[in-house]
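The values are calculated or read from the model by the stated rules, or taken from the named source; none is laboratory data. In this text the structure is predicted, and so the values were computed from the model without any measurement. Note: ideal-geometry Cβ built from the backbone for every residue, glycine included; neighbour counts use all protein chains shown.
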Amino acid sequence: MMKPFDTIYSDLETALKLGDRSPQGPGKYLQGIALIREKIGKLRLQSIKVIQNEAKEREFFRDVWPAFHAKWLLYVRLYGMELRRGLVPADTWPALIAEEERRVADFFRRNRCFWLYYRSGAIDEQFTRAYSRGRIFHSLAMVMDPDWSTLASWRAARCLAMESYAEWLREERGLLSAGAVSPADLGYSWGPSDSNLAELLYALQAVGAVHYNGQPADIGRLQKWARLALGREVANIYDRGRVLRNRKKDQLAFITRTTVALQRKWNRAQE
């Protein structure tokens, strides 16, 4: 992402990840919406100084504007979904997830050409305000701010938001599938303490042992992985990680214990 907006976006992602510590529910996403709106306000002020020629304008409205507004659109959807989760019977939640996945599929069928060309970088000429001002018959042309947005940026933001929403829906469906036959149902359980599990998850993150969509999973993803694989997650894992790092004795007590135990087992096998 072009400078200086990469710093604002990085700050936003950090703030949203900190918000992930909040319990699941609409309040978590409502707080996120407020954070995103604040950053978008800063984005607009900074853009005035940066967009001084058509090349910068295209880059901004192609790469920067959609990224920030996609976050906003996504959080608005997730806020609505969490509200619905609290209002509908639990046994109807799977059907609701399936319905939303169909809506996402319909959206991308309708916007297939734009999405393909946008991802390939073949429609850069549409990401200028002059181009949008010329679309006088478009339904949004008369209501959107002509100095702060383009029609293509809006479409790109919607596509990016729906892509992330589809990922969220897949995760929810995965959790539902895992819940149908949980590790506990099969007789599995995590024996050690939550502190030991947190230490293990941070160790797995440090070496990139668990991947999500081809990339090393962050600690939030590892939480979900542990829920699926072990039927257990650590409450306030970020706070727990801070406690582990500040331990005065062995910071790697569980990892050290398992390493010593495994080495002892290998030694006995070789005797």
Review point. Looking at the stretch 136-190, which of its residues are under 30 Å from Glu59 (Cα atoms), aliphatic (A, V, I, L, M) and at pLDDT 90 or above?
Key: Leu151, Ala152, Ala156, Ala157, Leu160, Ala161, Met162, Ala166
Exercise for review: Of the numbered conditions (1) surrounded by 17 or more Cβ atoms within 10 Å (Cβ to Cβ); (2) without any contact (Cβ under 8 Å) to a residue 40 or more places away in the chain; (3) of a type outside the set (Val, Ile, Thr); (4) closer than 30 Å to Trp115 by Cα, Tyr165 fails exactly one; give the number of that condition.
Suggested key: (2)
Point to revise | Residue match in the stretch 186-197 (condition: more than 29 Å from Leu96 (Cβ to Cβ) and in contact (Cβ under 8 Å) with a residue 60 or more places away in the chain) | key: yes
Practice item. Determine, yes or no, whether Gln31 is at pLDDT 90 or above, assigned by TED's automatic domain parsing to the domain that holds Tyr165, of a type in the set (S, T, N, Q) and surrounded by 14 or more Cβ atoms within 10 Å (Cβ to Cβ). Key: yes
**Study point:** Condition check for Pro183: touching a Gly at 6+ places or on another chain (Cβ under 6 Å) and without any contact (Cβ under 8 Å) to a residue 40 or more places away in the chain
**Key:** no
**Study point:** Residues of the stretch 111-133 satisfying the condition of being under 25 Å from the mean Cα position of the chain (by Cα) and outside any helix (DSSP H, G or I)
**Key:** Asn111, Gly121
Review point. Given (1) under 21 Å from Tyr188 (Cβ atoms); (2) among the acidic types (Asp, Glu); (3) in a helix (DSSP H, G or I), where does Asp239 come up short, assuming only one miss?
Key: (1)
Practice item. Considering only residues that are surrounded by fewer than 15 Cβ atoms within 10 Å (Cβ to Cβ) and hydrophobic (A, V, I, L, M, F, W, C), look in the stretch 59-92 and name the one that is modelled with the lowest pLDDT. Key: Ala90
Practice item. Could you check, for the stretch 23-37, whether at least one of its residues is in contact with a Pro (Cβ under 9 Å, 6 or more places away or on another chain), of a type outside the set (Val, Ile, Thr) and either without any contact (Cβ under 8 Å) to a residue 40 or more places away in the chain or closer than 23 Å to Arg158 by Cα (or both)? Key: no
Study note, to complete from the structure: When restricted to Arg158, Arg221, Arg227, the only residue surrounded by 12 or more Cβ atoms within 10 Å (Cβ to Cβ) and in the same structural domain as Ile123 (by TED's automatic domain parsing) is Arg158
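Pick out the one residue from Gln46, Gln31 that is of a type in the set (S, T, N, Q), within 23 Å of Gly86 (Cα to Cα) and assigned to a helix (DSSP H, G or I).
Working: Gln46 fails: within 23 Å of Gly86 (Cα to Cα).
Unique residue meeting the criteria: Gln31.
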Exercise for review: Would you point out the residue of the stretch 80-123, among those that are without any contact (Cβ under 8 Å) to a residue 12 or more places away in the chain and of a type in the set (S, T, N, Q), that is nearest to Glu59 (Cα to Cα)?
Suggested key: Ser120
Check your understanding: Name the pairs whose Cβ atoms lie under 6 Å apart, with the first residue in the stretch 137-161 and closer than 18 Å to Phe68 by Cα and without any contact (Cβ under 8 Å) to a residue 60 or more places away in the chain, the second assigned to a loop (DSSP other than H, G, I, E, B) and basic (Lys, Arg), and 6 or more positions between them or separate chains?
Key -> Leu151/Arg135
Practice item. Answer yes or no as to whether Phe108 is assigned to a helix (DSSP H, G or I) and under 28 Å from Lys224 (Cα atoms). Key: yes
Practice item. Starting from the stretch 206-230, take each residue that is under 20 Å from Glu13 (Cβ atoms) and assigned to a helix (DSSP H, G or I) and list its partners that are at pLDDT 85 or above and of a type in the set (S, T, N, Q), counting only C-beta distances under 7 angstrom and pairs at least six apart or across chains. Key: Ile219/Gln205; Leu222/Gln205
**Study point:** Residues being charged (D, E, K, R) and in a helix (DSSP H, G or I) - total across the stretch 134-169
**Key:** 4
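For Ala198, state whether it is among the small types (Gly, Ala, Ser) and part of a helix (DSSP H, G or I). Spell out how you get there, then give the answer.
Numbers: among the small types (Gly, Ala, Ser): yes; part of a helix (DSSP H, G or I): yes.
For Ala198, the condition - among the small types (Gly, Ala, Ser) and part of a helix (DSSP H, G or I) - is met.
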